[in-house]
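Asker: Got a structure for you, written out below as structure tokens; questions coming shortly.
The values are calculated or read from the model by the stated rules, or taken from the named source; none is laboratory data. Here the structure is a predicted model, which means the values were calculated and not measured. Cβ placement follows ideal geometry from the backbone for every residue including glycine, while neighbour counts extend to all protein chains displayed.
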Amino acid sequence: MSKFEKTSHGIDSDWIRENETKEGPFYEELDPDDSKLSEVYRYSNKFVIDYMIQHYINKCKEKINDSREILLNNDFKKHIEQQEYNKYVKEFNELIDIFSNTYKINNSEERLNKLENINDKLLEFNLVISEKMFSIQLMMDLEANNTNSRGYKKVNVNEYVKEGLENGTLVPRKAEKFARIIAKQGKVGEKVISWSVDDNGNEVEEKVDMVSLDEKTNEPGWIATKVDEQGNAIIDENGHLNQWIISDSTFKQKYEIDNENPVLFKPKGGPQVFVQISDNIILDQWGQEMKIARGGFINITNIDDMYGISERDFKDTYKFTDSEEKIL
């Protein structure tokens with residue numbers, strides 16, 4: 001049967017004739033992946049078969065190189081179990097052996113069949129480890145998102161404190177609050193930005209908060225402002241007031257009017273327990289993310305309500321009542 005007649009595969013002879021008359025060698029004009037080409041010319045045109053063989057050799061080599069690059073990636077090796085990694089390497093080496101053996105096949109049609117088969121297997125293998133690599137990169141990106149340009153890392157405060165106490169990097173100490181504050185009851189929705197500085201004096205936006213109703217008292221929270229010894233609001237070196245929001249119930253529990261200066265509020269209650277941190281951290285504090293620069297403190301008096309305070313604010317607000325030795 002002439003190849004210009006309608007074939008048993010149902011291929012239109014007009015399509016064949018149109019492509020046959022193109023300039024240049026016919027096998028260079030066609031896509032080796034074209035199903036029509038595969039059906040009509042695969043076993044009838046030696047040039048096409050040779051071309052397709054070379055095509056699949058190149059595709060196999062590309063997938064081998066891509067897979068090898070992933071398997072040698074340090075992040076890939078570091079983030080999967082050794083047993084799983086060994087399984088991938090074993091499978092990869094077996095696929096390479098199969099590919100290498102295709103060079104020993106003399107029959108062109110048989111060789112093409114083998115190359116197509118190993119190409120599919122290499123593609124499947126590459127997809128598996130590529131998806132694994134993507135998951136690893138996504139996980140690393142999420143970890144990176146928890147660390148900003150100045151090296152702040154997000155932590156679970158309970159786990160962070162527990163680990164630090166166990167390995168000795170966090171040393172509990174007692175301190176008593178002495179600082180007075182100005183305070184006013186805010187309006188629901190009123191926004192307050194709490195500012196501090198890191199150990200290099202750079203400003204740190206600790207958190208952005210809004211006044212809300214206290215679930216216990218159904219009253220708005222209080223806006224506290226740090227003051228100096230004369231009762232004047234303190235503006236720091238970066239031009240910021242030192243303000244923060246305290247819930248109504250917490251405020252009434254921890255502060256009372258200073259009888260010596262009724263404009264101010266003084267702390268009430270006994271000493272509290274703190275640990276000083278050596279990392280830049282971000283913790284969840286009363287429903288808001290808060291940055292605490294290294295040198296800051298975490299109040300661990302109540303393990304169900306631990307919170308952070310910057311080194312600057314701690315020194316302005318508390319004084320130690322113990323030695324530097326562990327007290328817990």
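Asker: Keeping to the range 60-87, report how many residues are in contact (Cβ under 8 Å) with a residue 12 or more places away in the chain and either outside any helix (DSSP H, G or I) or within 17 Å of residue 119 (Cα to Cα) (or both).
Answerer: Summing the residues that are in contact (Cβ under 8 Å) with a residue 12 or more places away in the chain and either outside any helix (DSSP H, G or I) or within 17 Å of residue 119 (Cα to Cα) (or both) in the range 60-87 gives 9.
Asker: Given (1) surrounded by 20 or more Cβ atoms within 10 Å (Cβ to Cβ); (2) within 30 Å of the chain's Cα centre (by Cα), where does residue 286 come up short, assuming only one miss?
Answerer: Residue 286 satisfies all of (1) surrounded by 20 or more Cβ atoms within 10 Å (Cβ to Cβ); (2) within 30 Å of the chain's Cα centre (by Cα) except (1).
Asker: With 309, 298, 246, 281 as the choices, which residue is among the β-branched types (Val, Ile, Thr), more than 19 Å from residue 179 (Cα to Cα) and buried (at least 18 other Cβ atoms within 10 Å of the Cβ)?
Answerer: None of the other options fit; the residue is 281.
Asker: Does residue 215 fit the bill of being in the same structural domain as residue 186 (by TED's automatic domain parsing), modelled with pLDDT of 90 or more and acidic (Asp, Glu)?
Answerer: When the stated conditions are applied, residue 215 passes them.
Asker: Out of the residues in the range 216-264 that are in a strand (DSSP E or B) and among the aromatic types (Phe, Trp, Tyr), state the one that is farthest from residue 190 (Cα to Cα).
Answerer: 255
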